[in-house]
Amino acid sequence: MITVESLTKVFGSQTALDDISVSIPAGAIVGLIGPSGCGKTTLVRCLTGIIPPTSGRATVFGQDPRTFTTKQRTLFGYMPQLPVLFPNLTVSGNLNFVASLYGVPVWRRRKRLKELLELVDLASDRSKKLADCSGGMQRRLALAATLVHEPELLFLDEPTAGVDPILRERFWAFFRSLRDGGKTIVVPTQYVGEAISCDLVAVMVEGHLVTVASPDRLARVAYGGDPITIELDGYLSRADAARLSAIDGVRWVRPSEAGLMVAVDSPDDDHTVVVDSLRQALAAVGASVSDVRPLEPTFDEIFFEIVESYQRGRTSTLESVE
C-alpha cells in the first residue's frame, strides 16, 4: 500500500525526516508514535503529496502521491491536526459540503451523514454552527468528514485528541472494523496506550524511524530481549551484578528497587536455562533469590525505554547489547 525509501525532508537548517524507509501493508492499522515534533505529521504530509521530500521517494498505491489526479485522491482520506472545516456552517452543513466535494451521490449522502454523525456522537448537534461547538466536537466532526467518501486508505493525525475515553474506544472499535473490511489506516498519535489497538507500531524519534514492530513485540525491541525481575534478599555489589551480563542469553542487567532487572534472549520461551544460570551465579556470590518473574511493562514504559535507548545508545555501565 505504502512504500517509503530513504525519505528525507529538510526545512532550512532543520531535518524533519532523516533517511526513513518503511513499507506499510494493505489492510492494517499502523500507529506512528513519537514525541511532539518528531516528524510524524511531516511524514504524513509527504505521503499525501502535500509537501515534496527533499530526497528519497514515497509511493502510495504504487504511485508518487504528488502526481495523483483529483479522482485518485478520493482513494484516501486525510484528517489533519489543524481545523479545516467552516465555522459558519452547521455540523451537518459541513459534512454535506465535504460529501459533495468528494462526489458522494445525493441519494447516498443522507444515510451516510446520519451514520457518521451517530458514530461521532454529534447527531443531536447537527444544526449547531461549528463555531459554537467545543474543540472536541470539532475534532469529531473532522473525523466524520474524513470518512464521508469511504476511502481505501486513511491518514488520521491525532484522531482522538480531546475525545473522552468512552468515545475514544468507540472510534478504535470502528477503526478495527474498517481494517477488517480491508481498509488501511495510518494513525500518528501521542497516546502511547493506543499502540495496543494497532497491527504495527512505528516509533519515531527526532526525525528517525527507530523501529517498526507489532505491539506484542515492542517490549523485546525496547529492552533488547524479554525483561524479567529478580527479587533479592540481601546485598549484591554492582561489580557482581555487572558480571551477570556475561551469562549466555543475558543481554543486560540493571539494578532495580526489588533487586535486578534482566533482559534475556534464548531459544526456549520460558528462558529456564538462562534463569537457572542466573540463580547459580547469584548463589555463588551469596545473593539469595526470593522470586523471578516476567516484567510486564506498560506501553508508556516501553515507549520511554525505546526513546531513551535511542538517545543514549545503551551506554549504561550494566548494559551489554549486541
*So which of VAL186, VAL98, VAL104, VAL120 is in contact with a Phe, Trp or Tyr (Cβ under 6 Å, 6 or more places away or on another chain) and either farther than 28 Å from PHE299 by Cα or not charged (D, E, K, R) (or both)?*
VAL186
*Filtering the range 155-182 down to residues that are surrounded by fewer than 21 Cβ atoms within 10 Å (Cβ to Cβ) and of a type in the set (D, E, K, R), which residue is farthest from ALA144 (Cα to Cα)?*
ASP180
_Hey, CYS38 in contact with a Leu (Cβ under 7 Å, 6 or more places away or on another chain) and open to solvent by less than 10 Å² (accessible area, probe 1.4 Å) or not_ = no
*Give the range 208-254 a look and list any residue that's in a strand (DSSP E or B) and either among the small types (Gly, Ala, Ser) or out of contact with any strand residue (DSSP E or B) (no Cβ under 7 Å at 6 or more places or on another chain) (or both), or say none.*
ALA213
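Restricting to the range 145-176, give me the number of residues that are under 19 Å from THR74 (Cα atoms) and not in a loop (DSSP other than H, G, I, E, B). Show your work before the answer.
Our first condition is that a residue be under 19 Å from THR74 (Cα atoms); within the range 145-176, this holds for 145-157, 175.
Right, trim to not in a loop (DSSP other than H, G, I, E, B) and you get 145-147, 153-156, 175.
Number of matching residues: 8.
Being open to solvent by less than 40 Å² (accessible area, probe 1.4 Å) and either more than 15 Å from GLU150 (Cβ to Cβ) or modelled with pLDDT of 95 or more (or both) is the filter here; which residues of the range 78-94 pass it? First the steps, then the outcome.
Going through the range 78-94, the residues open to solvent by less than 40 Å² (accessible area, probe 1.4 Å) turn out to be 79-80, 85, 91-94.
Correct list: PRO80, LEU85, VAL91, SER92, GLY93, ASN94.
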*Limited to the range 255-310, what total is found for residues that are part of a helix (DSSP H, G or I), touching a residue at least 40 places away in the same chain (Cβ under 8 Å) and more than 28 Å from the chain's Cα centre (by Cα)?*
3
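The values are calculated or read from the model by the stated rules, or taken from the named source; none is laboratory data. What you see is a predicted model; the values in this text were computed from it and never measured. Because the Cβ atoms are built from the backbone with ideal geometry, glycine has one as well, and the counts that use them run over all protein chains shown. To get the accessible areas, we keep the full protein, side chains included, count just its heavy atoms, and leave off ligands, DNA and RNA. Shrake-Rupley method; radii C 1.70, N 1.55, O 1.52, S 1.80 Å.
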